[in-house]
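S.K.: Pasting a structure here, questions to come.
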Amino acid sequence: MHILHEKQIQQLVHQFIFLPLARTVFEQDRQKIGQAKLKIPFPYVQMIDAAIKEITLDLRNLRRETRRSGLTVYKEEQGYLVVWRGYRNKVSYTPDAMRRHVSDVMSRYLKQALRQNKKE
């Protein structure tokens with residue numbers, strides 16, 4: 001049996017909420033960069049594509065982990081409902097907090113993409 005602690009569940013919930021949002025912002029930004037009149041757009045697009053790829057892989061693993069742990073997160077009109085082991089908890093963020101968290105996730109994945117690009 002796979003047992004997770006409350007702190008790990010909080011981290012899974014945080015990732016479950018913010019990884020899809022970060023991927024959406026990356027996808028929108030990639031589209032804008034593609035439409036922009038940049039002289040050399042390839043490096044930017046390459047970095048964003050690498051970040052999107054990593055987020056997608058992490059989301060796949062995250063979904064597997066949430067199913068295994070019995071964690072369910074529902075999007076509601078005012079935040080999110082988290083259900084785990086029969087407990088229900090509402091989670092909400094201010095718009096500024098959402099932006100800050102998404103920005104942090106995006107920075108982390110861009111740094112990771114940059115490190116991988118340097119290795120190649």
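S.K.: I'd like to verify a number: residues in segment 82-109 that are farther than 15 Å from H14 by Cβ and hydrophobic (A, V, I, L, M, F, W, C), how many?
M.R.: Qualifying residue count for the region: 1.
S.K.: State whether one or more residues within segment 78-85 are farther than 22 Å from S103 by Cα and exposed (fewer than 12 other Cβ atoms within 10 Å of the Cβ).
M.R.: yes
S.K.: Could you check segment 82-101 and list, in sequence order, the residues that are at pLDDT below 95 and of a type in the set (A, V, I, L, M, F, W, C)?
M.R.: Hits for segment 82-101 are V82, V83, W84, V91.
S.K.: Okay, next question. Tally the residues that are over 19 Å from L57 (Cα atoms) and part of a helix (DSSP H, G or I), restricting the search to segment 111-120.
M.R.: 2
S.K.: Testing T72 on (1) within 26 Å of Q28 (Cβ to Cβ); (2) touching a residue at least 12 places away in the same chain (Cβ under 8 Å); (3) of a type in the set (S, T, Y), one condition comes back false. Which one is that?
M.R.: (1)
S.K.: I'm trying to understand the selection: among the residues of segment 17-46, which are hydrophobic (A, V, I, L, M, F, W, C) and either at pLDDT 95 or above or at positive phi (or both)?
M.R.: Within segment 17-46, I17, F18, L19, L21, A22, V25, F26 qualify.
S.K.: Let me ask something else about it. Considering segment 84-110 alone, what residues qualify as being over 13 Å from I17 (Cα atoms) and part of a loop (DSSP other than H, G, I, E, B)?
M.R.: Selection gives R85, G86, T94.
Each row is one residue, and each column tells you yes or no for (1) in a loop (DSSP other than H, G, I, E, B); (2) surrounded by fewer than 17 Cβ atoms within 10 Å (Cβ to Cβ).
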residue	(1), (2)
L21	no, yes
K37	yes, yes
Y44	no, yes
I52	no, no
L57	no, yes
N61	no, yes
R68	no, yes
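The values are calculated or read from the model by the stated rules, or taken from the named source; none is laboratory data. None of these values were measured; they are calculated from a predicted model. Here Cβ is always computed from backbone atoms with ideal geometry, including for glycine, and neighbour counts include all displayed protein chains.
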